[in-house]
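A.B. asks: Next up is a structure, given as structure tokens.
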Amino acid sequence: MNTSKPLIERLAALLGSEGDVGHIALFLWAASASALSALLVRDLAQTTARYEAFVMAIARLNALLASQPRTRGDDISAAQADAANTFFFGDKGDD
């Protein structure tokens with residue numbers, strides 16, 4: 001095989017002499033569809049992990065708030081509001 005020609009010229013000559021344009025188009029379609037599917041599965045896995053982390057954070061917050069006594073029926077107390085602000089924002093939320 002002559003290696004003095006660039007790779008693209010050798011591929012063009014090979015496909016021109018033995019390849020079929022339909023096969024090339026089918027290969028390119030299958031390769032791009034497979035790559036897109038792999039990217040979608042990766043993104044779905046990342047989204048699932050973020051959703052699971054969100055659900056776990058809500059569960060921790062619920063446990064934190066449930067451990068504190070309720071003072072006024074269904075209303076949230078100042079202590080619960082402070083706990084929620086600390087949980088989500090890392091401070092008391094006093095600006």
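A.B. asks: Let me confirm something: among Leu15, Leu36, which residue is in a helix (DSSP H, G or I), at pLDDT 80 or above, more than 30 Å from Phe88 (Cβ to Cβ) and out of contact with any Asp or Glu (no Cβ under 8 Å at 6 or more places or on another chain)? Show your work before the answer.
C.D. replies: Details: Leu15 fails: at pLDDT 80 or above.
On inspection, the qualifying residue turns out to be Leu36.
A.B. asks: Examine segment 57-72 for a residue that is assigned to a helix (DSSP H, G or I), in contact with a helix residue (DSSP H, G or I) (Cβ under 7 Å, 6 or more places away or on another chain) and modelled with pLDDT under 75, and state whether such a residue exists. Even if it seems obvious, please write down each step before you answer.
C.D. replies: Filtering segment 57-72 for residues assigned to a helix (DSSP H, G or I) gives 57-66.
Restricting the remaining residues to those that are in contact with a helix residue (DSSP H, G or I) (Cβ under 7 Å, 6 or more places away or on another chain) gives 61, 64-65.
Now narrow it down to the ones that are modelled with pLDDT under 75: none.
There is no residue in segment 57-72 that is assigned to a helix (DSSP H, G or I), in contact with a helix residue (DSSP H, G or I) (Cβ under 7 Å, 6 or more places away or on another chain) and modelled with pLDDT under 75.
A.B. asks: What is the one condition in (1) of a type in the set (Gly, Ala, Ser); (2) surrounded by 10 or more Cβ atoms within 10 Å (Cβ to Cβ); (3) not in a helix (DSSP H, G or I) that Ser4 does not satisfy?
C.D. replies: Every condition holds for Ser4 apart from (2).
The values are calculated or read from the model by the stated rules, or taken from the named source; none is laboratory data. Everything numeric in this text was worked out from a predicted model, so none of it was measured. Counting neighbours? That spans all protein chains shown, and the Cβs are built from the backbone with ideal geometry, glycine included.
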